[in-house]
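Trainee: Sharing a structure below in structure tokens format, with a few things to ask.
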Amino acid sequence: GIIEHGINVPRASIGIQPKDMVIGSEGNFGLITKAVIKVHKLPEVIKFGSIVFPDFETGIDFLEALNHTGVLPASIRLLDNIQFRFGAALKPKPTKMQELVGKVEKFVLTKVKKFDPYKLAVATVVMEGSKAEVAYQKKIVFGLAKKFNGISGGEGNGKRGYMLTYAIAYLRDYMADYHVIGETYETTV
């Protein structure tokens, strides 16, 4: 018979997918029935970035508008406020200079731009390609972000955001040893 979930989205995390239990690269039983390997040159340039938005909804509106430009970076992820604060809590102890810069950034975000620190959202961005391609992507992505009241959060925060993505899997495995079950959820825009 035909198994349907009644949801037409690019990706859904809504329980066990019977097809995926047996077939696919992430199947529970790990049976891969077919594989295609494509080899690409490494990109000339890889640049990270981050954009701070007043709230998650504004970030989603930005992502929808970015999709309509046809200029998409290699990766862009929108972190909600809880993910953002969790990542900030995992930052290493700052140097005196980093601490000063952090205070200035916080002042600008909360006092000048009036962002609520408990509502803001952050997009982490990876741009890849030739120097010209990355420069063009950066111009389009960050130019559009300004129209949605987005502020650049810097390259370092973008890179740290992606490292957090990888670290969460290890944290989940560590916590499983203590009988704590957790999972990540992704929103597709």
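Each row is one residue, and each column tells you yes or no for (1) surrounded by 12 or more Cβ atoms within 10 Å (Cβ to Cβ); (2) at pLDDT 95 or above; (3) assigned to a loop (DSSP other than H, G, I, E, B).
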| residue | (1), (2), (3) |
| --- | --- |
| 1 | no, no, yes |
| 25 | no, no, yes |
| 34 | no, no, yes |
| 51 | yes, yes, no |
| 57 | no, yes, no |
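Trainee: Give the residue that is farthest from residue 61 (Cα to Cα), with candidates limited to residues of region 101-118 that are surrounded by 15 or more Cβ atoms within 10 Å (Cβ to Cβ) and not aliphatic (A, V, I, L, M).
Mentor: Within region 101-118, the first condition is being surrounded by 15 or more Cβ atoms within 10 Å (Cβ to Cβ), and the residues that meet it are 105, 109, 115.
Checking which are not aliphatic (A, V, I, L, M) leaves us with 105, 115.
On the way: 105: 24, 115: 17 Å.
Of everything passing the filter in region 101-118, 105 is farthest from residue 61 (Cα to Cα).
Trainee: So residue 122 clears everything in (1) in a helix (DSSP H, G or I); (2) under 16 Å from residue 56 (Cβ atoms) except one condition, right? Which one?
Mentor: (1)
Trainee: Is there a residue in region 82-103 that is touching a Ser or Thr at 6+ places or on another chain (Cβ under 8 Å) and either of a type in the set (S, T, N, Q) or more than 16 Å from residue 150 (Cβ to Cβ) (or both)? Before the answer, list the steps.
Mentor: Start the filter on region 82-103 by keeping residues that are touching a Ser or Thr at 6+ places or on another chain (Cβ under 8 Å), which leaves none.
There is no residue in region 82-103 that is touching a Ser or Thr at 6+ places or on another chain (Cβ under 8 Å) and either of a type in the set (S, T, N, Q) or more than 16 Å from residue 150 (Cβ to Cβ) (or both).
Trainee: Can you tell me which condition residue 111 does not meet? The list is (1) basic (Lys, Arg); (2) under 30 Å from residue 68 (Cα atoms); (3) in a helix (DSSP H, G or I), and all the others hold.
Mentor: (2)
Trainee: Here is a follow-up. Kindly indicate which of 155, 128 is surrounded by 16 or more Cβ atoms within 10 Å (Cβ to Cβ), closer than 27 Å to residue 44 by Cα, modelled with pLDDT of 90 or more and of a type in the set (Asp, Glu).
Mentor: Working: 155 fails: surrounded by 16 or more Cβ atoms within 10 Å (Cβ to Cβ).
Just a single option satisfies the conditions, and that option is 128.
Trainee: Can you find even one residue in region 161-172 that is touching a strand residue (DSSP E or B) at 6+ places or on another chain (Cβ under 6 Å) and assigned to a loop (DSSP other than H, G, I, E, B)?
Mentor: Scanning region 161-172, I find no residue that is touching a strand residue (DSSP E or B) at 6+ places or on another chain (Cβ under 6 Å) and assigned to a loop (DSSP other than H, G, I, E, B), so the answer is no.
Trainee: Next question, about the same structure. Please enumerate the residues belonging to region 64-92 that are in a loop (DSSP other than H, G, I, E, B) and either at pLDDT 90 or above or among the polar types (S, T, N, Q) (or both). Spell out the reasoning first.
Mentor: Let us first name the residues in region 64-92 that are in a loop (DSSP other than H, G, I, E, B), namely 70-74, 80, 90-92.
Result: 70, 71, 72, 73, 74, 80.
Trainee: Looking only at residues in region 131-148 that are surrounded by 13 or more Cβ atoms within 10 Å (Cβ to Cβ) and out of contact with any strand residue (DSSP E or B) (no Cβ under 7 Å at 6 or more places or on another chain), which one is farthest from residue 43 (Cα to Cα)? So that I can check it myself, show each step before the final result.
Mentor: Residues of region 131-148 surrounded by 13 or more Cβ atoms within 10 Å (Cβ to Cβ): 133-138, 140-142, 144-145, 148.
After this cut, where a residue has to be out of contact with any strand residue (DSSP E or B) (no Cβ under 7 Å at 6 or more places or on another chain) as well, the list is 133, 135-136, 140, 144.
On the way: 133: 10, 135: 13, 136: 15, 140: 19, 144: 24 Å.
Result: 144.
Trainee: Next question, about the same structure. For region 88-137, which positions are more than 20 Å from the chain's Cα centre (by Cα) and among the β-branched types (Val, Ile, Thr)?
Mentor: 95, 101, 104, 108, 110, 112
Trainee: State which residue pairs qualify: first residue of a type in the set (A, V, I, L, M, F, W, C) and inside region 147-160, second residue assigned to a strand (DSSP E or B) in any location, beta carbons under 9 Å apart, and separation of 6 or more residues or different chains.
Mentor: 148/51; 148/53; 151/51; 151/52; 151/53
The values are calculated or read from the model by the stated rules, or taken from the named source; none is laboratory data. These numbers were taken from a predicted model, which means no experiment stands behind them. Neighbour counts are summed over all protein chains in view; Cβ atoms, including those assigned to glycine, are modelled from backbone coordinates with ideal geometry.
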